[in-house]
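The values are calculated or read from the model by the stated rules, or taken from the named source; none is laboratory data. What you see is a predicted model; the values in this text were computed from it and never measured. Counting neighbours? That spans all protein chains shown, and the Cβs are built from the backbone with ideal geometry, glycine included. The protein model used for the area step is the full one, side chains on, heavy atoms only, and it has no ligands, DNA or RNA in it. Shrake-Rupley method; radii C 1.70, N 1.55, O 1.52, S 1.80 Å.
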Amino acid sequence: QVQLVESGGGLVQPGGSLRLSCVVSGIAFRLYTMGWYRQAPGKQRELVATITSGGSTNYADSVKGRFTISRDNAKNTASLQMNSLRPEDTAVYYCNVPSLLPQWGQGTQVTVSS
């Protein structure tokens, strides 16, 4: 049973920052690539960023240069630092294990608005 618990979302003004956290249990966390996804109303869920077990990262073009994914294997936690936020970043953000996709957690709402 893989458990994924996202937190850290909220309401932020354009240009602001948020840091999201994802606590993972039920797997040998350090061995797996982790991903952050987001889903805006009426849109498909999209992959935002990944980080491999070795620390290599990849980002969607829409967030490149603004978001940073990281992981703390000692805490079984994946994080997403989001800077220079834009209204189009508004979405529910989810973490997951791309190779497994066992289920989705509750997500955390990020709203970027004035």
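Starting from the Cα of W104, move 7 Å in the Cα-to-Cβ direction to define the label point; list residues of the stretch 3-46 whose amide nitrogen is under 11 Å from there. 37-46, by backbone N distance to the label point. For R86, nonlocal amide neighbours, meaning residues 5 or more places apart or on other chains whose placed amide H falls under 5 Å from its own, are G15. Computed in the context of the full set of protein chains, the accessible area of the chain at 1.4 Å probe radius has 47% of its extent on carbon or sulfur.
Short-range pairs are left out: with C-alpha atoms under 8 Å and at least six residues apart, the relative contact order of the chain is 37 percent.
Taken per residue, the accessible surface of the chain reaches 51 Å², heavy atoms only and a 1.4 Å probe.
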